[in-house]
Structures are given as C-alpha cells and as structure tokens.
Amino acid sequence: MTLELFPDTTRLTQGNTLAVGGCGLVALAAEFGTPLYVYDEATISARARSFRDAVAGYPGHATVCYAAKAYSAPWLLRLLAAEGLGLDVVSGGELQAAMRADFPRERIFFHGNNKSEDELLLAGAQGVGRIVVDNLDEITLLARVAAKRTARIPALLRLGPAVDVHTHAHLLTGAEDTKFGLDIASGAAEAGVRAMLVQPDLELRGFHAHIGSQIRELGPYRESVERLFAFAAKMREKTGFVTREISPGGGYGVRYTADDPETRPADMIREVTAIVLDAARRHGFADPLPDLTVEPGRSIVAPAGVALYRVGSVKRGARTYVAVDGGMADNIRPTAYAAKYTAMVASRVRGDDVTEVAVAGKYCETGDILIQSVALPLPHVGEVIAIPVAGAYQLSMASNYNMAPRPAVVVVRDGRARLVRRRETFVDLLAPEVVGDEVKT
C-alpha cells in the first residue's frame, strides 16, 4: 500500500476504507460531490513548522516564504500567516487572495517576470515587503511607480545563476537559457544593479535566485548560492553596494509515487541554510549576516491534499481503463509534465481482485490520463478513487476545459470537515459571457 504518500493523519479504518483528519473519504465524496479536493490541516501546519524550525539555526534573520503559485486560497494563507510564514505572490490575483486573508503585508514578496503597472501600483499601495525585480524594463517601470509614493520601495534583484538541475525541462528556472531574471555571465545582472542604484526611489536590498522545482539534491543549491555570493562580492567591490538580503529560492522535491526517491525537504532546507551561512562567511558577508529567505511551496501543500473522483465506467481492451469524473481540467500535470501519480480505492483499500488499470479522465483528449498504470482492487462503477499528493499545482492550474466546473475543496481536522470552496456551477461558467443585446458600445 502507499499510505505513506497520503496526509499525516490518514488511517485505514476497520471497514477497509480510508479516512483523513478523522473524516471518511467516501462520506466526504457523498456529502460534497466529486471531483473533490480534501486538505489535511494538520499536515500543512506540521510542514510549515518543520520548515520554520529548519532555518532557526541561521544566526541572522531567516524567513520561510510560502510560494503561493502552488495553491493560493484565503483559508490556506490565513493558516500559514498564523504559523509565522511569509508569502511569495506572482500576480495581482494572488495578492488579492493575500489581502482577503489579511496576510501581513510586510511579509509578502511580489515575484514575476512581467508585472504590469497596475500590479505594481497595487503592491505599492498595499505596502508589500519586497518587490523582486526581474528585468531592466521593470526597473524603469517600478521607479515610475515608486515616484508616486512617499517612501522608497524595497526590492531584490532576481539573478540567473546558470545552474542546471535534474528535473523536467519545464521546471527549470535558473539555467543559462531561461526567461527568469538577469543572468550573471552576460553582464545583465551587473547592469541591473547599476540601474537600481541610481534610482532614488528604489532601495536595492539584495539578490534572489530560483533554479527550478522538484529538486532532490543539494549540489545545484550549493552552486547557485556560491554564484550569488560571488556576484554580491563583485558588486561590493565595483559599486560599493553591500547586500543585506539573499534568497536561494525553493523547489524542494516531494514524492508522488512509491517508486520516487525518499525526500526530506526540511532536512534540505536545513542544509541550504548551512550552505548560505558558509558562503556568506567566506565572501565577507558575516558581519552582519544578510537576511535569508527560503521559498517552499509544493513541499508544504502537495502532501496535504487528496483528490477524490468517482468511477463512471470500467472498460476492458488493450488495457483496462477506469474512467473518473475529473481529469486534466483539475489536474493538468500528467499532460503537461508527464507527472506520475498513484491511487487507492477509498471504499475498498484491500481486495483480492488486484488489477493493473489506467485511470482516465473524462475530457476529450487522448492525453487525459491521470495515471497510466496502477495496481488496484478492480474498481466498480460508483466507487471512489483517491489520489494522494494532490495539494499543489492542480487547483492552481485548473481550467474549465470542456466547460467543466472546477471542483469543491474541503479542509479536515479532528473529525470535522469544512467547505472552503464551493463547486462551480454552470451559472458561474457563463457569468462573464456577454450575449446579444447585452453588448454595449
């Protein structure tokens, strides 16, 4: 069985069913419908605390910032704010979610490679803690926004350290050829530093880099941190600027199947913290140490989520296809990244009729296969399939493909379930459409 991939509070009941947070998954599917996303609050809190503890050994100021792009919702942001985390947002919409949650503005970092003027104006008006600048044109734009304010805007400059990692090509963000940040090797990063230093309304505080996602080894972080501090030392010598903040980003890997290698993100964060401390001392930034920010997203929420689907048909042929009532509209990752998942039959975990099946989505695409092959007690029509590690980059990337309403979300804890997002309706889908005489000129 693969219970270790499910949230911390998952239990196999005496009735051979699955329960999370003291709530039976089959009962939740019956009450709230399917597809349904179930989040275990205890798992999220435990992950947040373990990551916060992992940076506690840094002698300077250290912050764990949750990367909201993994999944952004007011209930989640309130929980993480209460746990003392910071927040990375990459859009005006994610900032609005943070505002709805009343997330402390000084702990919000605004990322993104093409922020609009309206987004920067909103961020400035809200007094977010940092703007992470991506390119030279953004410096000009941000300076124009900052000139309208009475206080300087604190910012970090995102660097391209030209570090390759072993992950999917679509998850690389710090390689030599990437759309993110200003690369060090070409001189673009130095140009960015000089451009920011001459802007009276901008306060350059330090440097940021993010090298990718689903990283399971420390080597790339060590290389990236070394290049960040080497660049910082060079800028200190050439311009007199002394970095006060450093961020090596996030990207810590999680397991999606039992075949994936074991990952311990908290241990990796602890090691990265030590790497930063060592590099800071070697490059002359130990007195005082720069503030440190790490940015886990997936590794906080992915293990806390379970996706529930109801079986609509079982079709035998070249292989056995178990068709469920969700798929690529609520989880595009298998189609976009060839991501792999596992599953259980929530209502009949153990059974004698174990069969290799493909779990197929309901959408009109050949590529809409959630799981290419998994061994399950042969599912029956009407039974509930549970897919673990479903908390990140599923709902945040969900669509209305085939005009499908996006699913509901519930949070469980201590035997209680609360609805935090209702299922979309067909009325919701058609609300933005303007038809016939409704068009105004």
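The table for this structure:
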| quantity | calculated |
| --- | --- |
| Failed item, numbered, when ILE215 is tested on (1) of a type in the set (Val, Ile, Thr); (2) farther than 30 Å from ILE387 by Cα; (3) surrounded by 16 or more Cβ atoms within 10 Å (Cβ to Cβ) | (2) |
| Condition check for ALA68: surrounded by 20 or more Cβ atoms within 10 Å (Cβ to Cβ) and farther than 21 Å from TYR341 by Cβ | yes |
| In the stretch 104-151, residue most open to solvent (accessible area, probe 1.4 Å) [restricted to those that are outside any loop (DSSP other than H, G, I, E, B) and among the basic types (Lys, Arg)] | ARG144 |
| Criterion: outside any helix (DSSP H, G or I), touching a residue at least 12 places away in the same chain (Cβ under 8 Å), closer than 15 Å to GLN126 by Cβ and within 16 Å of the chain's Cα centre (by Cα) - qualifying residue of LEU95, LEU77, LEU87 | LEU87 |
| Residue check for ARG47: modelled with pLDDT of 95 or more, surrounded by fewer than 19 Cβ atoms within 10 Å (Cβ to Cβ) and part of a helix (DSSP H, G or I) | no |
| Unmet criterion (only one of (1) in contact with an Asp or Glu (Cβ under 7 Å, 6 or more places away or on another chain); (2) open to solvent by less than 20 Å² (accessible area, probe 1.4 Å)) for ILE387 | (1) |
| Count of the stretch 269-320 residues which are without any contact (Cβ under 8 Å) to a residue 60 or more places away in the chain, touching a strand residue (DSSP E or B) at 6+ places or on another chain (Cβ under 7 Å) and open to solvent by less than 20 Å² (accessible area, probe 1.4 Å) | 2 |
| Looking only at the stretch 210-226, and only at residues there that are part of a helix (DSSP H, G or I) and hydroxyl-bearing (Ser, Thr, Tyr), the one that is nearest to the chain's Cα centre (by Cα) | TYR221 |
| Odd one out for ALA339, checked against (1) without any contact (Cβ under 8 Å) to a residue 12 or more places away in the chain; (2) closer than 28 Å to GLU271 by Cα | (1) |
| Residue count, the stretch 50-74 (criterion: out of contact with any strand residue (DSSP E or B) (no Cβ under 7 Å at 6 or more places or on another chain) and either assigned to a strand (DSSP E or B) or within 15 Å of ARG418 (Cβ to Cβ) (or both)) | 1 |
| Hits in the stretch 337-368 - residues which are touching a Gly at 6+ places or on another chain (Cβ under 8 Å) and open to solvent by 20 Å² or more (accessible area, probe 1.4 Å) | LYS362, TYR363 |
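The values are calculated or read from the model by the stated rules, or taken from the named source; none is laboratory data. These numbers were taken from a predicted model, which means no experiment stands behind them. Glycine also receives a Cβ, built like all others from the backbone with ideal geometry; neighbour counts cover every protein chain displayed. Keep in mind that these areas ignore ligands, DNA and RNA; they rest on the heavy atoms of the full protein, side chains included. Shrake-Rupley method; radii C 1.70, N 1.55, O 1.52, S 1.80 Å.
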